[in-house]
Every structure is written in C-alpha cells, then in structure tokens.
1. Counting helices only, and only those DSSP H runs with n ≥ 4, report the 222 nm mean residue ellipticity of the chain as the sum of -39,500 (n - 2.57) divided by its residues, in deg cm²/dmol to the nearest 500.
2. Which FRET efficiency value, to the nearest 0.05, is calculated for residue 128 and residue 267 with the Förster distance at 25 angstrom and r the Cβ-Cβ distance?
3. Would you mind computing, in nm to one decimal, how far apart the modelled labels at residue 392 and residue 370 are, each placed 7 Å from Cα along Cα→Cβ?
4. How far apart, in nm, are two points set 7 Å out from the Cα along the Cα-to-Cβ line at residue 185 and at residue 110?
5. Using alpha-carbon positions, what is the distance between the centroids of the range 1-26 and the range 389-447, in Å?
6. From zero outward in steps of 20 Å, how is the percent of C-alpha pairs of the chain spread across the bins?
7. Based on the alpha-carbon gyration tensor of the range 360-403, what equivalent-ellipsoid semi-axes (square roots of 5 times the eigenvalues) come out, in whole Å, largest first?
8. Show me the chymotrypsin sites (Phe, Trp or Tyr not before Pro) within the range 386-447 that DSSP assigns to loop and that have at most 11 other Cβ atoms within 10 Å of their Cβ.
Amino acid sequence: MTKPAVIFHIGIDDVDSPAGGCTTHLALLMLKELLNHGITLVDYPNLVRLNPGVPWKTRGNGAVALRLATTMELDEIYKIVGSVFEKYVEEYENPKHQPCLLIVKGDITHKIALLARRALYDIIPPDLALKALEGTPHILKCFNKGRGVVGALGAVGNTMTSEDYTFELIAYRKIENLSKDRCVDKESVKVMNQVYGNETILNYDPVEDRVLITPRGPDPVLLGIRGETPSTLIKAYKMLKLCEEPDFAAIFRTNQHTDPHIRVAETICEAHPYMCLRLRGTVSTKPFRTVGGHVFFKVCNDRCCIDVGVYEPTKWFRDIAELLIPGDVVEVQGCVRPPSATHGLTLNLEKLHIISLKPMIVYENPLCPVCGKRLTSAGKGKGFKCRNCGFKSKDIARKTRILERGLSEGWYQPPYSAFKHVMKPLERVGREKRVFHYTFIETVFVA
C-alpha cells in the first residue's frame, strides 16, 4: 500500500544581512534541492512581509515559506534543506541577526495562524511563537537567540488562502556581478510599464523619474516585478533589456501591496509602539513643518491623541497634510514609533483618508455703500465707519466668507518611490483576491 503524501510547510527568516544574502534567494536554493527528491510543490513560494515597523528588521522584513506534499518524514526533509540553510547562514553570518528554519508537518493550527496574523502588524515575543508550536509536529533550527522563529512562524502561518495576495517575479544575479552596479535598461522598464502598468505594480515613478524594480542593497536580487498574475509577470519580464545575465528567476506568491500590516483600531487609545494601524480621529493641531522638512500634526479621539509624522521622502504628500486644519475628520494609516524628545507617540503616515473637512470661515468688514472702500469699526456697539468718505452706520454687519481649502474628501497616498513593500496602492482597490487553493505548481522558475 502506497504511503499517502502529507503537506509540509518550511519557513525561514532573518537570514539576510547588511553585507548581503537574501531570504528569498535561500528559499529557492532549498527548493532546488527538494525538487531533486521528488516533492510536489502545492503553492508558489510564499514571500510574506511582516510588520514593517519592527526596529530590528533588515530591509523589507520578509520571511519565506515553501509548501510541498511528500511521503518523506520531518527528519528527511530537514536533512535535505538543513545543510543548505546552515551553509548560507554561515556565509552571511551577522551577530545582530538570529536566523531560523522551521518545518511544520500537516495542517496549520488555529493558534499558529492566529499568532502569524498578529505578526503582520504587532510585536511578537519569540517565547510566544515557541508556545504556539507546542503540540504540532515540527523541527526548528535557529542561530544566536533565535528571534527569527517569529518570522518563520509568520511565513508558515500566513497561508494567504483566504486573504488578498499578489505575485512577484524575482531575478537573481550571478556571483561575479554582485560587486557591480545593477544593469537594467531604464527605457525598457518605462516601455514595459506602459504596456503592463495596469496589471503590474510600481515599476516606475514618473514624478521622480526613478526605476522601482531594482533594489539598491548588496543582496543578490537583480530585479523584482510585482503584479496580479504569474503570466503577466513573465511577459513583462521578457520585455526588459538586461545588460547582465541573471543567474535564475522565479515567481513568488506574496502579501505585498495588500496592506496586510494594517489593523483597523476602534480608538487611538489602542496604539502602542511598533504597531501598524488605521486610526480615525479629528485633527487637533495645525500641521507644522520642521527644519528637516518633515510635517507633523496631532489627531485625537476618545480622550487619546497621537502625533502624525509625514516625512521628507514623501515629497508632495507633505503639502497635502499641511492643508489640514483643526476640526477636520480623518483616517490616518501607518506604523507607530515610540515617543522621542521632540514628539509623543507618532504614527508614520502611509495613507490619508479625509472623511470631512471643516469649513474655513473668515469674517470681513463690509464695503462702504458710498465709495466702495472697506469700512472699519467705529467702536464697540457703534457699527462701522468709512475713513475715506466719512460714511457711518450701525445697521451694517460683518460678512462671512468660506475659503477654498485646496482639498477634497477622499484617499491620498504618497509618491510611488516612498511606498513600502506592503503598502497597497489606491489603484489596487477593487482588485483584491480572496481565495487560493493548494494545487500542483508546475512553473516556479522562469527561463
């Protein structure tokens, strides 16, 4: 009797370092080894972006999960991927990083899924992640203090089978090119964006004239194209002109650009450092710009207030924030940083939803009915007088005028160049996917 295949989930996190390396790159090296042992991949490799507000992240705070069906056992799978993991970690060893490899057998339990979901927007202690794994067949291998268990569990537990998701095609560099500048033709990116811009996400920022698909760090990624379907990404990739030959390319399914990190809070009182939230409240202070070019204002509700920071890299997004006045009702979305010497608890603004604008009313003295000049007060209770022709009257009242605000109700977002990996562009609203079923995935690596 043939032994039935079982689904296994392999999660890794905290592998990359400022000196190089990449969690997605390691995951694909592991996958190549697994494919040599006859496993069946039931999902694209999952790139799961976790809470972008945590203070110890490297770059985009991304963890990766591989999901496969096999008749092998836990120790057999670990024997295959463990050596690849340990060799990679040793190559990019960094004392500040605490990489972990997690292999889970069978269905994802409710407590793992619950904690993994929380890891998208909050701080999770490693001890809590270890507790969630109790009673579940698994193997865990960590280095240093093992904080990476939170990300590994976050990748494994966020299956994205009933949440929104997108895809990313990532091409990697050959070892001999890692010390050189990346070489992707800018004009070909612009042409690709013109053709597939509606089905891909943030390839090029026309305002800043900046290519967004190429990273700037020492990692082995040459480029990454994000979009709604694998087929579109492959066609878009083939339009690019590359002046260096990639080592290989592969497709990931991911929570990027879906706002997975945002939790809608009922009150500002729920906010605490490193949490990512959407908060509704009333603007209570006039926005002001600091010497560094950052804009700050305060939002309050339910007797609690929070500072909101709009930072210099967001460019003209700051100009929109500066047009707010006390009394405007807004939703502010972003991650919270701790208080500092100059500011209290501060939400770093990612998106702004103006719900209602307070009318900006000015009061003006009336014009003289005789000569047309502006009247002045004749004294308390004495009405108005004209300094030009001497006209006086107690029967004329001040006039009110509503000023144009230069704003309208609705959503506002920063320039594309200021977007984090997780932030959902307003253009994606209405394109959300809600269901994914595990199935045999034939094509992950792209020729």
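Laboratory data are not the source of any read-out in this text; all were calculated from the coordinates shown. Because the structure is a prediction, the values reported are computed rather than measured. Heads up, the Cβs are rebuilt from the backbone with ideal geometry, glycines too, and the neighbour counts pull from every protein chain shown.
1. Numbers: 8 runs with 82 residues, N = 447.
Value at 222 nm, helices only, nearest 500: -5500 deg cm²/dmol.
2. Working from the Cβ atoms, E equals 0.55.
3. Distance between the two pseudo-spin positions: 1.1 nm.
4. 5.6 nm
5. Going from one Cα centre to the other spans 37 Å.
6. 23, 48, 19, 8, 3, 0
7. Working through the eigenvalues yields semi-axes of 19, 12, 7 Å.
8. On the way: sites: 391, 411, 412, 416, 419, 436, 438, 440, 445; in loops: 391, 419, 436, 438, 440.
Of the chymotrypsin sites (Phe, Trp or Tyr not before Pro), the ones in loops of the range 386-447 whose Cβ has at most 11 other Cβ atoms within 10 Å are 440.
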